[in-house]
Amino acid sequence: MMANLVTSLCCVVLAAVVVAYAQRRSQLVARNQYERRGSDVTMQCGSLESDASVSWKVNGTDIEAQHQLNGPKLILTQVDLDHNGLYSCFQNPHGERRDTIFLHIGIPPQEPKVTCRSNTYPKGFYCSWHLTHPTYIPSSFEVDVQHNQHSLYVQKDAVHKNRCHVQFPEVFSSSPYKVNVTAVNALGKASSTLSFEESSIVKPDPPERVTASPIRLNPRRLEVSWHSPATWPDIDTFPLKYFLRYRPLIHDRWQHVELLDSTSHTITDAYAGKEYIIQIAAKDTEIGTWSDWSVAVHATPWIEDPLPITTTTEVDFPNETKTSPIPSSKAPQKAEPPVGRAARAVTFFSPLLLGMMLLFMW
């Protein structure tokens, strides 16, 4: 009898301890509180009575004096992002911590912007979305796709957080698709709806592995080739057409060529010796819009190799006599002809003879 009584008392005491520990534990674990930016915020220190005396800290620092204290309540006015933080309250006079609150300041989401595109036609399409303004707190998205009054299966993208994939339930459908995306966070929600027909969202990815090469002995030609985008699932049943543009780097104006069901083209009017930039876009032959441009490639038409520069050297031939333009210092000097000397003598004595003739005439 006594043993049963002791056992019962132990169980009661243990239960009380467990309840007290659970209550204390719930007060020590930080709880989240979300509030709208610009509003006045009240934080309650646990379950303390209105006449309790408490003090507060934020991120381990005493609360600034301008905030209001009303018993166990802390009142913050016109909160902004700098009010985010970990708030703790302590009961006086022993300073025992009674509660911890993680305050998050943000705004409700606005209507998300939604776009849809099929780059895998006729397999399916994907939709993506984003918020035009930040909310500063976590937001999630709910997506619903309707066709012929039926909800379609929506598969979330494994890489892109704000993207989903949907299979076409049928091909060549004239019934519109309706996509609704709802943004949700702790402060509110907002929705956007996008309606479209199947043919309007078909847009292939750009062509891949574009190459451009010069053609030997053709200084004005470039051979361009490419592959259809790997994401396009059935190129035979749903062929693509292509749009090629090219220009020399020294010009800003593009030249264009549209090609049907071909993955190569020869440019025949390139400027000789000028580097070219080349890009290609793709489109379904019947519906949809053009893809973005492919990655640009550069190429220069064939340039003839210049002839090698040769250096000429003097060669001595046995039957040829070479003369030097500068006479050797050891070579004998040629004698002056006599006539030259007589002429110089006449020139020297002519004034003297003239004087003598004038003297005899007098």
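The values are calculated or read from the model by the stated rules, or taken from the named source; none is laboratory data. If you're wondering where the values come from, they're calculated on a predicted model, not measured in any experiment. No Cβ is skipped: glycine too gets one built from the backbone with ideal geometry, and neighbour counts run over all protein chains shown. What goes into the accessible areas is simple: the full protein's heavy atoms, side chains included, and nothing from ligands, DNA or RNA. Shrake-Rupley method; radii C 1.70, N 1.55, O 1.52, S 1.80 Å.
A few comments on the model shown:
- Most to least accessible of Tyr246, Tyr271 (protein chains only, probe 1.4 Å): Tyr271, Tyr246
- Residue-normalised accessible area of region 72-128, given per residue in Å² at a 1.4 Å probe: 44
- Considering only region 27-105, percent of DSSP beta bridges that pair antiparallel, nearest 5: 80
- Share of carbon and sulfur in the accessible area of region 208-299 stands at 47%, probe radius 1.4 Å.
- Surface share of carbon and sulfur [accessible, 1.4 angstrom probe, percent] for region 27-105: 44
- Annotation for region 77-178: GluC sites (Glu not before Pro) lying in DSSP loop with at most 15 further Cβ atoms inside 10 Å of their Cβ are Glu170.
- With the whole protein complex present, Leu217 retains an accessible surface near 120 Å², based on a 1.4 Å probe.
- Trypsin sites (Lys or Arg not before Pro) within region 252-311: DSSP coil, no more than 11 neighbouring Cβ in 10 Å: Arg253
- Take every pair of alpha-carbon atoms less than 8 Å apart whose residues are at least six positions apart; their mean separation over the length of region 27-105 yields a relative contact order of 44 percent.
- Cα convex hull of region 110-239 - mean projected area over all directions, nm²: 11.7
- Accessible surface of Asp252 - all protein chains present, 1.4 Å probe, nearest 10 Å²: 140
- Counting 0.36 nm for each residue step from Lys57 to Ala190 and taking away their Cα separation leaves a gain of 44.4 nm.
- Normalising the Debye intensity of region 208-299 to I(0), with uniform scatterers on Cα atoms only, and taking log10 at q = 0.11, 0.20, 0.21 Å⁻¹ returns -0.32, -0.93, -1.00.
- The trypsin sites (Lys or Arg not before Pro) of region 122-181 meeting both criteria, a DSSP state outside H, G, I, E and B (loop) and at most 13 other C-beta atoms within 10 angstrom of the site's C-beta, are Lys161.
- Hydrodynamic radius of region 40-143 by the Kirkwood approach over all distinct alpha-carbon pairs: 16.9 Å.
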